[in-house]
Amino acid sequence: MVKNLVALLTRFIPRTLLQRVAHLGLQSISWLYSGSTLEDPIDGRLYRKMLPYGRVRPRPNALAPHSLSLERHRALWIYFKEFSDFFEKPARMLHMAPEYCFIKRFRALSNLDYVTGDLDSPWADHHFDVHCIPFEDASFDFVMANHLMEHVDNDRTVLKEFYRVLKPGGWGILQVPIDWTNPNTEEDRSITDPSELERLYWQRDHLRLYGYEDYPSRLKQAGFSVEVVDMQALLGIDRYKRYCLVGEWWVFEVRQYKVYE
């Protein structure tokens, strides 16, 4: 029943509305899921199980009901904490489509000058079209956008914009849904029927489904150097399962090495 309810809400309730109210409802029932088997590394809470999440094919143990973190958020938190200097090094950060589980925590970090952006999210500081980011070249040390690129009209333009606003030596995390059975990105812009988009690309508001070889290639074509990090190998299978990271084991880290004259 919960699985069907979550699928229904995420498919048909506008994202901006869910962003305003979802945390209130989920946090009120989080005690029902308390236990000791699973852990959300973002807030340290323990669960016997987590909520399912997904519009077409709900994933078990995907959504932590208190922080509202998904697999990708928990994977990134651990990566930042244990395998990077994200929490220590002074940086100006651009966070596109900011997620509830990160916003207050990132804003509280004394080392970050934290800037958020989105087209219409109530959580964003700045509202703009990511195809034309309203900041000067080399404005940020770090950029992050999780599961954004599959929604935009022209992903290649957006990637070039991210490259442009990064400082030389700056880095970023650009996560997307990946079809691990297909090396190629599937995209047909003549398809407009929501049901067909959902069937082919996993959601009604997705415009493409990235392939596991093509997506890193697109990042490189935008100018980035790319490192694909295997979180399962870094953490080991026990921690990987305890944090419920199944399906989100790769982190796409990009770096900007352009020298401005």
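The values are calculated or read from the model by the stated rules, or taken from the named source; none is laboratory data. Please read all numbers here as calculations on a predicted model, not as lab measurements. Every residue, glycine as well, gets a Cβ built from its backbone with ideal geometry; the counts of neighbours run over all protein chains shown. Just so you know, the surface numbers come from the protein's heavy atoms only, side chains and all, with ligands and any DNA or RNA stripped out. Shrake-Rupley method; radii C 1.70, N 1.55, O 1.52, S 1.80 Å.
Descriptive notes on the structure:
- Anisotropy class assigned to the stretch 120-261 is oblate, per the alpha carbon gyration tensor with a/c at or over the 1.5 cut-off and a/b no larger than b/c.
- Protection proxy ranking, peptides 127-139, 151-163, 68-80, average beta carbon neighbours within 10 Å, highest first: 68-80, 151-163, 127-139
- Using only alpha carbons, the stretch 164-246 has a radius of gyration to Kirkwood radius ratio (Rg to Rh) of 1.05.
- Amide H contacts under 5 Å for Ser34, placed H, 5+ residues apart: Arg48
- DSSP assigns beta bridges within the chain; of those with both partners inside it, close to 45 percent run antiparallel.
- Nonpolar atom fraction for the chain, defined as the carbon and sulfur part of the 1.4 Å probe accessible area, stands at 53 percent.
- Computed over the alpha carbons of the stretch 131-206, Rg followed by Dmax gives 14.5, 42 Å.
- ³J(HN,Hα) computed for each position of the stretch 115-130 - Karplus, 6.51 cos²θ - 1.76 cosθ + 1.60, integer Hz, glycine/proline x: 10, 10, x, 6, 5, 8, 4, x, 8, 8, 6, 10, 10, 6, 7, 5
- Highest mean packing first, where packing is the average number of other Cβ atoms within 10 Å per residue, the peptides 241-249, 118-126, 179-187 line up as 241-249, 118-126, 179-187.
- Whole-Å semi-axes of the stretch 65-160's equivalent ellipsoid (Cα gyration tensor): 21, 17, 13
- Options Tyr201, Gly117, Phe102, ranked by Cα towards positive dipole end of the chain, top entry (Cβ charges): Phe102
- Sorting 36-46, 203-213 by their mean Cβ neighbour count within 10 Å, with the most densely packed peptide first, gives 203-213, 36-46.
- Amide H contacts of Val143: Leu94, Trp171, Gly172, Ile173, each under 5 Å away and 5 or more positions distant or on a separate chain (H built 1.01 Å from N in the peptide plane; Pro and chain starts excluded).
- Heavy-atom surface of the chain, accessible at 1.4 Å and reported per residue (Å²): 48 Å²
- All other residues whose Cβ lies under 10 angstrom from that of Leu207 are scored, Lys and Arg at +1 and Asp and Glu at -1, for a net of -4.
- Placing a label point 7 Å from the Cα of Arg239 along the Cα-to-Cβ direction, the residues of the stretch 59-100 with a backbone N closer than 15 Å are 74-85.
- Computed from the C-beta positions of Phe87 and Glu198 and an R0 of 45 Å, the FRET efficiency is 0.75 to the nearest 0.05.
- Environment charge of Asn182, counting only residues whose C-beta is closer than 11 Å and scoring Lys/Arg +1, Asp/Glu -1: -4
- Cα centroids of the stretch 101-117 and the stretch 121-159: 16 Å apart.
- Remark: relative contact order (the stretch 29-160) = 16 percent; criterion is Cα-Cα distance under 8 angstrom and separation of 6 or more residues.
- Cα-Cα over 30 Å, subset of Lys49/Lys89; Lys49/Lys160; Lys81/Lys160; Lys104/Lys241; Lys89/Lys220; Lys49/Lys167: Lys49/Lys89; Lys49/Lys160; Lys49/Lys167
- With both residues required to sit in the stretch 151-261, DSSP beta bridges show an antiparallel share near 85%.
- Around the Cα centre of the chain, unit charges on the Cβ atoms of Lys, Arg, Asp and Glu (plus for the first two, minus for the last two) sum to a dipole of about 900 debye.
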